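Take a look at the structure set out below.
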Amino acid sequence: MAYLSTDKVEHHHHDVVIIGAGGAGMRCALQLAEAGYRVAVVSKVLPTRSHTVAAQGGMNAALGNLDSDHWHWHMYDTVKGSDYLGDQDAIEYMCRAAPQLVKELEHQGVPFSRNDDGKIYQRAFGGQSREFGEGGQAKRTCAAADRTGHAILHTMYQQNIKAGTHFYEEFFALNLIMEDGGCHGVMAWDIGKGEYHLFQAKAVILATGGAGRIFKTTTNAHICTGDGGALCLDAGLPIEDMEFFQFHPTGIAHVGPLISEAVRGEGGYLLNSEGERFMERYAPTAKDLASRDVVSRAIALEIRAGKGCGTNKDYALLKLDHLGEETILKKLPNIHELALRFAGVDCTKEPIPVQPTAHYTMGGIPTNRHTEVVINHEGSDGEEKVPGLFAIGEAACTSVHGANRLGGNSLLEIVVFGRACGLKVMKWLSEHRYHKTIDPDAWHAGVNRVERWLAKDNKGGEKVGDVRANMQDIMQSHFSVYRTEDVMQEGVTAIESLKEAIHQASIDDKHRIFNTELVEALELENLMSLARATAACAANRKESRGAHARDDYPERDDKQWMKHSLATVQGDTVEVSYKPVRSTPMTVESFPPKKRVY
Amino acid sequence: MNKTVKLEIYRFNPETDEKPYMQSFEVPIEKPGMKLLDALNYIKWNLDGSLTYRRSCGEGVCGSDGMNINGVNGLGCITPIEGLKQPIKVRPLPNMPVTRDLVVDMKHFFDQYKQIKPWLQSNTPRPEHERLQSPAERAELDGSYECVLCGCCTTSCPSWWWNGDRFLGPAALLQANRWLKDSRDDAAGERLDMLEDSFKLYRCHQIMNCMEACPKDLNPTKAINDIKRALVKRKV
């Protein structure tokens, strides 16, 4: 029956295989399953465990439910927020689609909070303005209390149950089946049973989320290990803009859990050790609702100036008790719970200790605005598609976030481009009706990747956990909120020498059934690829833009650096090249770069 | 701080063990506010890489790490070590098929969730804008939409232990009630028809373990009573 040259690998045929069951993957799956396609969602965790679940504050859309609003204003804010590195065609597409898609989520059952008139509640969020920055703060962020991601992820899961999507739960993707320059499927490891599966598909969609776990302190789940980007690097494909890593201003100090921007949106503000509301100095107009890169840098500077709080003077305070207990419990119940559990603080009475914490991967797998994975050849301005391969959500770099993402745009991105991908893939499927006959030996690489770990003996090698901790330390101390040449070069050298340690590392557990140490080893391989790309891209970029802030090059340099980085692994080294920003929107005038003031 | 904490953890590897056993570990308390998941991670990363459990968000919203802690179900990532009686006895969720160590097979639990058709069912065409819902109507969903599907409540329920094949259990019933309560949903009649069954619903005997176990402070017992009341109400 199967024509693979082994019977140890189960062979599946689906129209589409989606790797990742977060909001992006499931929104895309829904589009395709409702249209009658055989869709497989391959996820290393049960779908409701995906990290979309942890998104708190909300999702931007110019509904204008409280004040008048326009998608074009939203677009302007997003371009400005991206520090002019965002691709404006994709940004226009996203902001235009936003109102329709929020309403669609509502129709699917998302329990949005409501205004008195029964419409969806919208709150203020950072970097959001009316009238192209001239009309004051916008209220654009649609919220389900401060559990918006949870509400959306569960709704997407429910809709997919209804639509009959095939879920392959707790399956780990090992490698892409690439032949003739195109993608024809994926090899996966069934974690629970310890068996191999080859998923052949006419289209493969990477929706694997971010890579926050390359850092030591992060708001990201343990599962955010950049698996899709690593699969691409392994396949010789590039990843884009990895130096742009968002540090959220308000992670709980020393622990990591996120304290939503919604706290500041509802009227909370930051204080230094002198009790000063310091954001007034850094962003006179937007104050605490300046965009995230600006606020994170401000906190870092206050700490550097000795105005940090606590015994080590290394955090700021987020004050919200003045909002009153009723507002906090109604609009920010999850924040109240998190602060109590992880900071031991009752935020209705005391401020929450916060510090900038690794939060969001702006970079990722390069795609055009149709979510098709693209490569650029050196010296050419054209983007060439990788046939059959698509990427969406935090895994992708579309790039709607450029050098800095606005709060509320990531939940938006996952539904907008999840849907866009579904639409594009349907067109692709109408033109590609049959599965390709793949090499019967295509399973080897995936099997070898696992068997290498299970066969190795333990002698001499470091533990996977130790190598990972080293990597996270290196990334945290060399590629944090502020970066300089010497420190970054030291970081590049350290991370490049650490990659050897992975070849020596070993695991204790050689069993097959639910071997989570094996999964952690595979995840470490993925993390290491992305950490290397991040380090190389960061050290190369000699300017400050968005989340990439350098002491030695404090200004943005549009002449030389308004371009996307592309990293590939060639042989043993990371090569960095560049491609232009897509500055031309779909229909409106381009927003040319100007000084970014909040 | 050189304090340590003692744990006894349920171990079972189907590839090598005929039956499960408890294994002792001692873990340093590295920071104030340390959670049980931190201790498990310490063991996995430093003492025994084969210790098997699920974890994802680490902050109590994904529902991965439901486990039985000193006899009470809870999420490892938000259960503080401090205040737990030592040695801390950590076992998998009760009455579930154990895959390995603390990992249980969640299939039946999610199948029961799927049985209640957990999606919005509306008879009216999708409007151009959002369906309107007043803040008061929306508030009816508070206390049920927050469920993270960790399974702590259902697997703490003696009725479900005895009749789990047919009794839907507190988590699924809490969600059933969430859709009954949603002012946008038009399928209350069908939903109640499905629930009106001596096993699916009426095996709940108000033992209230579910409420005690819920790490999100939700109250499935109340939801079940709401459903029973709705069933009575439609008869009179």
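Only one of the numbered conditions (1) out of contact with any Pro (no Cβ under 7 Å at 6 or more places or on another chain); (2) surrounded by 24 or more Cβ atoms within 10 Å (Cβ to Cβ); (3) assigned to a strand (DSSP E or B); (4) on the phi < 0 side of the Ramachandran plot is violated by residue A:403, and that is (3). Scanning region A:210-228 for residues that are part of a helix (DSSP H, G or I) and within 14 Å of chain B (Cβ to nearest Cβ) turns up A:212, A:213, A:227. Of the residues A:382, A:344, only one is within 13 Å of chain B (Cβ to nearest Cβ), out of contact with any Lys or Arg (no Cβ under 8 Å at 6 or more places or on another chain) and surrounded by fewer than 20 Cβ atoms within 10 Å (Cβ to Cβ); which? Criteria check complete, one pass: A:344. Looking at the structure I just gave you, is residue A:489 part of a helix (DSSP H, G or I) and surrounded by fewer than 16 Cβ atoms within 10 Å (Cβ to Cβ)? It is true that residue A:489 is part of a helix (DSSP H, G or I) and surrounded by fewer than 16 Cβ atoms within 10 Å (Cβ to Cβ). Looking at region B:1-39, which of the residues that are acidic (Asp, Glu) and not in a loop (DSSP other than H, G, I, E, B) is nearest to the other protein chains (Cβ to nearest Cβ)? Looking at residues that are acidic (Asp, Glu) and not in a loop (DSSP other than H, G, I, E, B), I get B:38. The set of residues in region B:148-203 being within 14 Å of chain A (Cβ to nearest Cβ), among the hydrophobic types (A, V, I, L, M, F, W, C) and over 18 Å from residue B:107 (Cβ atoms) consists of B:174, B:176, B:179, B:180, B:187.
State whether the residues of region B:119-129 include one that is within 12 Å of another protein chain (Cβ to nearest Cβ), under 27 Å from residue B:167 (Cβ atoms) and crowded, with 18+ Cβ neighbours inside 10 Å. Looking for residues that are within 12 Å of another protein chain (Cβ to nearest Cβ), under 27 Å from residue B:167 (Cβ atoms) and crowded, with 18+ Cβ neighbours inside 10 Å, one finds at least one in region B:119-129, hence yes. Looking only at residues of region B:148-198 that are under 20 Å from the mean Cα position of the chain (by Cα) and of a type in the set (S, T, N, Q), we find that the one that is nearest to residue A:152 (Cα to Cα) is B:175. Strands (runs of 3 or more DSSP E) fully within region A:326-395 that include at least 1 residues being acidic (Asp, Glu) and without any contact (Cβ under 8 Å) to a residue 60 or more places away in the chain: A:372-376, A:383-391. For residue B:148, the criteria (1) among the β-branched types (Val, Ile, Thr); (2) in contact (Cβ under 8 Å) with a residue 60 or more places away in the chain; (3) in a helix (DSSP H, G or I) hold in every case but one, which is (3).
Looking across B:215, B:158, one residue alone is surrounded by fewer than 19 Cβ atoms within 10 Å (Cβ to Cβ) and modelled with pLDDT of 95 or more. It is B:158.
Scanning region B:186-212 for residues that are of a type in the set (Gly, Ala, Ser) and in a helix (DSSP H, G or I) yields a total of 2. Do we have residue B:79 as touching an Asp or Glu at 6+ places or on another chain (Cβ under 6 Å), among the polar types (S, T, N, Q) and either surrounded by fewer than 24 Cβ atoms within 10 Å (Cβ to Cβ) or more than 7 Å from chain A (Cβ to nearest Cβ) (or both) here? Spelling it out, it is not the case that residue B:79 is touching an Asp or Glu at 6+ places or on another chain (Cβ under 6 Å), among the polar types (S, T, N, Q) and either surrounded by fewer than 24 Cβ atoms within 10 Å (Cβ to Cβ) or more than 7 Å from chain A (Cβ to nearest Cβ) (or both). The number of residues in region A:229-269 that are surrounded by 24 or more Cβ atoms within 10 Å (Cβ to Cβ), more than 14 Å from chain B (Cβ to nearest Cβ) and among the small types (Gly, Ala, Ser) comes to 5.
Restricting A:577, A:544 to residues that are free of Cβ contacts under 8 Å to residues at least 60 places away in the same chain, within 22 Å of residue A:364 (Cα to Cα), among the small types (Gly, Ala, Ser) and touching a strand residue (DSSP E or B) at 6+ places or on another chain (Cβ under 6 Å) narrows the list to A:544.
The values are calculated or read from the model by the stated rules, or taken from the named source; none is laboratory data. In this text the structure is predicted, and so the values were computed from the model without any measurement. Cβ: placed from backbone, ideal geometry, glycine included. Neighbour counts: every protein chain shown.
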